[in-house]
Amino acid sequence: MTESFSQSSEAAESRLAVAQHSLDRLKTVPALAARYDGHDKILSLDHIATVPPLVKDDLNVALAHLEPKAEHGATWLFQSGGSTGAPKVGYAPTGFYMAGVHAQWAPLDRDDVFVNGWGAGRMWGAHFLAASLADLCGCQVIAVGSVTADEYVDWLAFFAARKVTAIGGTPSVLRLWFANARAAGITLPALRKVLWLGEAWQPQLEADMAAVAPEARRWGMFGSTETWVVGTNTPDCPDDTFHVLPEQLVHVGGDELLDFTTLNPEMLNPVLRYQTGDAGEIVACACGRPGGAMRVLGRRDSVVQVRGLGLHVDDIVAQVERGPGVSRAQVVITENQGRALSVEVLVLASADSAADSSVDTEQLRKDLLASTFTLSTAFQHDPGNFRVTVTEALVSNDRTGKTSNFVVREQT
């Protein structure tokens, strides 16, 4: 199914021209030209669904050949990924396309005091994107970025004194802010808005938010460095459901994989049916807003090979997180020249757990081995190389603050 938009014929023709321009650019890339044989003219927005999708590293190949340049302002170069796969590159002009987002979604206003908690620099665009949104909203901004563990209490006291009304970051980073505030007994009574982008929302955040800032509500964005912001939601929407921006086109394939086509004439990345690995469906949002919305069902690229067998990482994580005393889990695979030497499930104890002993790691390990064919078979002869361990912190990306469900490490 293809998402449709209410727009004038003039707007439709303009968007078709952008899609045609992306196709023409991709056809000039020697490594990709053959896949577009027979695809010369895009006749309608629905017709875009017949064009072959871009997958995995295709866009990197295209951008290396095209070397995009912004027509106005600077050309910003960012990357995403790198924790479980090759980094993906994305280009953007100054402004990061946020004028179109702000026209449809304005969670901040001039009276807000906004903490920008996305990590700045090191080739990730979220901090700068949020700064551009704040600029359009005209609010006060405290640009914090990444902080060290011993800085949280001082910063949180400063936020309380400044009567901060909004904070933004990845859910993994937001959990650190709220958990540290709760542990220190700091409340943020003026906080009303929690902006998030970069990961799926983490329901475990709700308890800490309720204790620290009971009036705070979440406002989400969905996108990537390649597509930029595709859709947004409000506190009235389910956390997995996003209203697609008019300059984005979403298609759901038979395999439930989402692909995205950007119809913004300023877009530097030739995003034409680009697949990020997320599955989804078109739904009517529970908020009651007319028109279709995009529900994100989760990643479909989280099946990894462990000793020749497919391990469904998301299923493992979901099973562990249902266990008593568990707040969050992560799978860490250690490899040597492509062969998995060990699999370790890292577990964060929930805030109300009195001690690590409240999480029965041995029982979790037995349950996983009993219920997961891949683990029981792969480690049949060396069961000690599959472990469940309680940790104080999961492995996260120092550059972005993201915490993925699985991490692959190479033994040195």
Neighbourhood net charge (11 Å Cβ-Cβ; Lys/Arg +1, Asp/Glu -1) for V395: 0
With 5 Å bins from 0: P(r) over the range 303-410, alpha-carbon pairs, percent: 2, 12, 24, 25, 19, 12, 5, 1, 0
Label-point gap, in nm, between R339 and D135 - each point 7 angstrom along Cα→Cβ: 5.3 nm
Zone residues, the range 223-247, relative to A11, backbone N less than 15 Å from point 7 Å out along Cα-to-Cβ: 244-247
Whole-Å distance, taken between Cα centres, linking the range 264-289 and the range 53-73: 18 Å
Charge tally in the Cβ shell below 10 Å around R295, where Lys, Arg are +1 and Asp, Glu are -1, R295 excluded: -2
Net lengthening on full extension, H65/K27 (0.36 nm per residue, minus Cα-Cα): 12.6 nm
Near-label residues of the range 41-81 by backbone N, under 17 Å of a point 7 Å along Cα→Cβ of D398: 81
Among 219-225, 286-292, 339-345, the order from most to least packed when residues are scored by Cβ within 10 Å on average: 219-225, 339-345, 286-292
Candidates G145, G280, G73, ranked by Gaussian network fluctuation over the chain, Cα under 10 Å, top entry: G73
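Relative contact order (percent) for the range 303-410, with alpha-carbon contacts under 8 angstrom and 6 or more residues of separation?
Numbers: 174 pairs, mean separation 34.3, N = 108.
For the range 303-410, the relative contact order is 32 percent.
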Nonlocal amide H pairs with T234, under 5 Å, H built at 1.01 Å: G220
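Taking the Cα centre of the chain as origin and charging only Cβ (+1 Lys, Arg; -1 Asp, Glu), how large is the dipole, in debye to the nearest 20?
Numbers: 33 positive and 48 negative charges, 54 e Å.
Approximately 260 debye in magnitude.
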Phi to ³J(HN,Hα) by Karplus 6.51 cos²θ - 1.76 cosθ + 1.60 over the range 31-36, Hz, x for Gly, Pro: 6, 10, 4, 4, 5, 9
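What is the extension gain from A286 to D315, computed as 0.36 nm multiplied by their sequence separation minus the C-alpha to C-alpha distance, in nm to one decimal?
Details: separation 29, 0.36 × 29 = 10.44 nm, distance 2.65 nm.
Computed gain between A286 and D315 is 7.8 nm.
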Prolate/oblate/rounded call for the range 32-160, Cα gyration tensor, a/c under 1.5 rounded: prolate
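With contacts defined as alpha carbon pairs under 8 Å and 6 or more residues apart, what's the relative contact order of the chain in percent? Don't skip to the end; give the middle numbers.
Values: 795 pairs, mean separation 59.1, N = 412.
That works out to 14 percent.
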For the range 263-305: rounded, prolate or oblate by the Cα gyration tensor [a/c cutoff 1.5]: oblate
In Hz, Karplus ³J(HN,Hα) per residue of the range 359-367 (6.51, -1.76, 1.60; θ = phi - 60°; x = Gly, Pro): 9, 7, 5, 5, 5, 4, 4, 5, 5
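Pulled fully out, how much extra length does the chain show between R122 and H72, if you take 0.36 nm times their separation in residues and subtract their Cα-Cα distance? Before the final figure, lay out the partial values.
Working: separation 50, 0.36 × 50 = 18.00 nm, distance 2.32 nm.
Here the answer is 15.7 nm.
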Förster radius 56 Å - calculated FRET efficiency between T50 and A157 (Cβ-Cβ, nearest 0.05): 0.45
3J(HN,Hα) from dihedral phi, the range 270-284, Karplus parametrisation 6.51/-1.76/1.60, rounded to Hz, x for glycine, proline: x, 7, 10, 6, 8, 9, 9, x, 8, 9, x, 8, 8, 9, 8
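Where a number appears in this text, it was derived from the coordinates with a stated rule and is not lab data. Treat the numbers as computed from the prediction; the structure is a model and nothing was measured. Neighbour counts are summed over all protein chains in view; Cβ atoms, including those assigned to glycine, are modelled from backbone coordinates with ideal geometry.
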